[in-house]
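Every number in this text was worked out from the coordinates using simple rules, so none of it is lab data. From a predicted model like this one, the values you see are computed outputs, not experimental measurements. Because the Cβ atoms are built from the backbone with ideal geometry, glycine has one as well, and the counts that use them run over all protein chains shown.
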Amino acid sequence: MRRVRVEVVLPGVVAEDADGQRSHVLEVSVGARVRDVLDALGVRHPRVGRRIRDETGSLRRHVNLFVDGEDVRRNGGVDAVVPDGAVLLVLPNVSGG
Amino acid sequence: MTVLAIGTRKGLFLARPDSAADSGGGWRVEGPQFMMREVPSIAITDDVLMVGVMSEHWGPTVARSTDGGETWAESDHGAIVFPDDTGAALARVWQLAPDRARPGVVWAGCEPTSLWRSSDGGEHFELVRGLWDHPHRAQWAPGAGGAAVHTILPDPGEDGRVVVAMSTGGVYATSDGGTSWTPTNRGISAYFFPDPYPEFGQCVHKVAADASGMDTLYAQNHHGVYRSDDGGLSWTSIAEGLPSDFGFVMLAHPTMPGTAWVVPLVADRERVPPGGRLRLHRTRDGGRTWAEVGSGLPDGAWTAVLRDAACVVPSADGSGGSLLAVGTRDGCVYVSTDDGETVSLVASHLPDVLCVRASAG
């Protein structure tokens, strides 16, 4: 099965749970969705997976994901297909007090 | 070694008696750890310090330290994870309660309303299905802070017996290790319902067990202070003599039967100390009479003490005394070594205090 390469970029505070590494290149199947990329990342770094999504698979409310600069919440959510060479950027929302 | 673990809205602080000659009996406060994360629950056992941590961004977790808080670890896949078939997600760990009579057993009370049991010292917890599947669940409504089990009292003398409390929902008890649960709220008012004495649905804020054992329980309710002499089957008011029957704290002396404390606030709609005088109120006779204590607590204090921002443990000297601590929403922490008669300041200007736990050693 043909594979595509996707880069996931984590914020520093989450990268602490990924051996300090912010950039993670993953190979996933052609047609893979955002959720599949996050699943693959979660297998490699389970704590990172838990930071981004809860146990139902939902994105945490104050976590934003951008695929090639586009907010996934406005573009199909975690079911959006991820193209070859995409960069998936994880960013915390600006919130709190 | 004596340690106060202080969970706040923005991290964990650890306070220890300062042995420096010029400290004047003060405390050395270190932290924060878990910066900008809530620490609403703490447990201290002989060898583990355990905290519930909640990040608004990155979610809740449980972290454990075996070196007194120097370093922390958490289970890769999470210590508390809702099973797939529940469709639920952990929102916050409200309570971590070591089972003092059963080494290795730790209980957790969580939001959404759930009870969890660990038999490996808190590395992994299992959902207590009997309470999760309880037919009353649909009618347990969230209080202002959320819906959770916030009190867990495992009976040291009777295997399988556990008393829990939730807001709202009330007090429930099991005698078969958690398979079946019975509401035990008879006599506790739920004034906000058409029937003020329903079988369940009460907004109990905190329950504590008397030093004599689990037959005698005390409850601080959302208006109402109660005692039970039959293990929670029925409750009678012991609010007479208090300046208010509203508050969040309920503490019972660890070794002295009949001694308990509350921290009164004016009312539901005025959650501040009466007249701005932050005080403990103590009973020595199981709630028949109360006395204001806490010399050293401030006047002009328009703050509050939350349900788990107070604790009491036996003193280290084996005298039967206590080490009592309270933390306020304006970031002050006080301790008393004379059963609350007088207090001294441990820390001030911290973020709002959610949880305080002590170990006297």
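Here are the numbers:
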item	result
Acute angle (nearest 10 degrees) that the helix A:34-44 long axis makes with the longest principal axis of chain A, alpha-carbon atoms	80
Sparse-neighbourhood loop sites, trypsin sites (Lys or Arg not before Pro) in region A:23-97 - DSSP loop, at most 12 other Cβ within 10 angstrom	A:ARG61
Local electrostatic count, B:PRO112, Cβ distance below 14 Å [Lys/Arg +1, Asp/Glu -1]	-2
Least to most buried among A:HIS62, A:HIS45 (fewest other Cβ within 10 Å first)	A:HIS62, A:HIS45
Chain A - mean residue ellipticity at 222 nm from DSSP helices (-39,500 (n - 2.57) per run, n ≥ 4, rounded to 500)	-6000 deg cm²/dmol
Histogram of C-alpha separations across the protein assembly as shown, 10 Å bin width, %	4, 20, 29, 24, 14, 7, 2, 0
Centre separation in Å (Cα based) which lies between region B:142-189 and region A:16-56	38
Built amide H within the under 5 Å cut-off of B:ASP18, gap 5+	B:GLY26, B:TRP27, B:ARG28
Label-point separation, B:SER119 to B:HIS136 (7 Å along Cα→Cβ), nm	2.7
Residue-by-residue Karplus 3J(HN,Hα) for region B:162-179, coefficients 6.51, -1.76, 1.60, Hz, glycine and proline x	9, 10, 10, 9, 9, 10, 8, x, x, 9, 10, 9, 10, 10, 10, x, x, 5
Burial order of peptide ranges B:327-333, B:289-295 (average beta-carbon count within 10 Å, highest first)	B:327-333, B:289-295
Residues whose placed amide H lies under 5 Å from that of B:GLU126, excluding near-sequence neighbours	B:ARG117, B:SER118
Extension gain (nm, one decimal) between B:ASP176 and B:TYR191, 0.36 nm per residue minus Cα-Cα	2.3 nm
Structure-based [θ]222 nm, chain B - -39500 (n - 2.57) summed over DSSP H runs of at least 4, per residue, nearest 500	0 deg cm²/dmol
Neighbourhood net charge (15 Å Cβ-Cβ; Lys/Arg +1, Asp/Glu -1) for A:GLY85	-2
Shielding by partners - mean other protein chain Cβ count within 10 Å, residues of A:56-68	2
Counted charge near B:VAL305, where neighbours are those whose Cβ lies closer than 12 Å (Asp, Glu -1; Lys, Arg +1)	+2
Shielding by partners, peptide A:44-55 (average Cβ within 10 angstrom, other chains)	5
HN-Hα J in Hz across region B:337-345 - Karplus 6.51, -1.76, 1.60, θ = phi - 60°, x for Gly and Pro	10, 10, 6, x, 4, 10, 10, 10, 7
Shielding by other protein chains, B:48-57, mean Cβ within 10 Å	3
